[in-house]
1. Given 0.36 nm per residue, what is the gain on full extension from T63 to R317 after removing their alpha carbon distance, in nm?
2. Quick one: which of K265/K298; K61/K385; K60/K385 span more than 26 angstrom between C-alpha atoms?
3. Between G339, G256, G41, where does the largest GNM mean-square fluctuation fall for the chain, given springs only between Cα atoms within less than 10 Å?
4. For segment 268-405, what class follows from the C-alpha gyration tensor (a ≥ b ≥ c being the square roots of its eigenvalues): rounded when a/c is under 1.5, otherwise prolate if a/b is larger than b/c, else oblate?
5. Per-residue ellipticity at 222 nm for the chain, helices alone: DSSP H runs ≥ 4 residues times -39500 (n - 2.57), over residue total, nearest 500 deg cm²/dmol?
6. Work out how much length V127 to E402 would gain on full extension: take 0.36 nm times their residue separation and subtract the Cα-Cα distance, in nm to one decimal.
7. Relative to the longest principal axis of the chain, what angle (0 to 90°, nearest 10) does the C-alpha long axis of helix 343-352 take?
8. So how much slack lies between L272 and T53, counting 0.36 nm per residue of separation and subtracting their Cα-Cα distance, in nm?
Amino acid sequence: MAAPVARTAASTAEPIIGVLNAGSSSLKFSFYEGEQRLFTGQVDGGSTHQRVTAAGADGKKITPPDLGERALNPPSEVLPAILSWAQARLDGRPLSALGHRVVHGGLRHSLPARVTPELLAELDTLVPLAPLHEPHNLAPIRTALRLHPELLQVACFDTAFHRTMPEIEQAFALPYAYYDAGLRRYGFHGLSYEYIASVLPECAPEIAEGRIVVAHLGNGCSACAMRGRTSVATTMGFTALDGLPMGTRCGDLDPGVALHLLQQKGMSAEQLADLLYHHSGLLGLSGISSDFRVLLKKRREPRARFAVELFCHRVARHIASLAAALGGLDAVVFTAGVGENAAPVRSEICQRCRWLGLELDETANCEHRQRISRPDSPVAAFVLKTDENLMIARHARALVSEVSP
Ligand code: ADP
């Protein structure tokens with residue numbers, strides 16, 4: 001394996017940053033120089049077969065890392081090969097830091113944190129709060145710490161942006177002791193919201209500091225109420241199941257339904273988790289697909305139409321609820337795969353928000369323009385592309401300059 005890392009980048013003006021986003025069945029990686037993404041890639045698969053893809057700065061395919069027979073899980077298997085591959089593409093320029101997406105930062109972390117053995121031990125205690133994501137997020141951090149203890153690593157938390165939410169947004173109406181014990185609405189997709197907050201002054205200066213609902217509509221979906229570009233409320237709660245319906249997740253659900261399935265229908269906890277995370281949402285409702293591209297094409301089929309309608313209805317209801325938390329509304333921002341690309345979905349949601357003062361410009365919407373509301377609309381609407389990886393790269397870069405100014 002090539003000796004991949006050194007902390008300072010003497011030969012370049014901007015440090016080189018690697019960004020890793022590790023999930024249960026995929027590992028996504030990107031490498032940045034300043035704001036510029038140099039190359040990116042993804043490993044998909046489980047413990048046996050995997051697919052590796054990579055693309056250059058222009059989005060065109062490049063030769064991906066050769067993983068041979070190595071398995072994705074644990075990521076300790078593939079990470080060294082990815083780092084060696086990246087190093088070879090960097091023409092001798094050193095990697096200055098690795099930034100990681102970590103879904104849960106608990107109560108303590110409202111900012112990204114430098115990885116140390118102590119931080120890892122602390123994050124291990126949060127695994128029970130996000131058992132489906134956190135162990136996968138932490139695995140490559142642990143591997144890199146073992147293989148390259150000198151490399152600066154930065155953990156960036158999806159919960160951190162929402163630490164500004166007031167107590168009344170964070171608490172469930174359970175006995176208060178549960179709140180103290182950490183059973184709270186944490187909120188997720190924070191890196192996406194933070195990125196959107198960072199570009200608002202440039203993209204929409206007239207409303208940037210105002211009352212904004214950002215709708216992150218991708219495979220996972222949530223919405224965030226921002227005032228002064230900080231989070232005051234969000235639809236996801238203790239887990240990434242709550243709030244809006246998603247590709248395969250249920251969103252809002254009367255907890256009595258879960259009790260009924262467990263107590264009356266004899267479902268096991270594992271079966272219930274599988275149902276709520278993997279077989280619900282648009283997939284469960286339509287019986288066809290979790291992908292809006294497919295559902296919009298099949299809109300003539302009643303259940304596909306029903307799933308899309310229910311989704312738009314729920315998103316509009318949540319936008320109104322978040323507007324209530326904000327005490328009014330200046331703008332709605334659509335982002336992520338569905339929000340950025342699915343004009344019919346945006347159109348339907350905006351129609352349902354008309355009573356709030358949102359007047360859609362259909363032409364602008366169909367053309368995916370940045371501003372999709374009419375010029376005289378009391379509530380503006382925008383489409384902004386999110387970039388969680390760039391946000392992570394920025395955080396890692398900031399820590400690099402703190403460590404070696
Ligand atoms: P993730 O939450 O995994 O980051 P994305 O934000 O990339 O996901 O969103 C992926 C989803 O975006 C897809 O499942 C699909 O439903 C939707 N999508 C992507 N492109 C389009 C499109 N052109 N039209 C409609 N939906 C789209």
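1. Gain on extension, T63 to R317, equals 86.9 nm.
2. Violating the 26 Å limit, Cα to Cα: K265/K298.
3. G256
4. In terms of gyration-tensor shape, oblate.
5. When only DSSP H runs of four or more count, the value is -11000 deg cm²/dmol.
6. Fully extending the segment from V127 to E402 adds 96.1 nm.
7. Between helix and principal axis, roughly 40 degrees.
8. 75.5 nm
The values are calculated or read from the model by the stated rules, or taken from the named source; none is laboratory data. As the structure is a computational prediction, the values presented were derived from the model and not from experiment. A quick note on method: Cβ atoms are made from the backbone with ideal geometry, for glycine too, and the neighbour counts reach across all protein chains shown. With ligands, DNA and RNA removed, areas are computed over all heavy atoms of the protein, side chains included. Shrake-Rupley method; radii C 1.70, N 1.55, O 1.52, S 1.80 Å.
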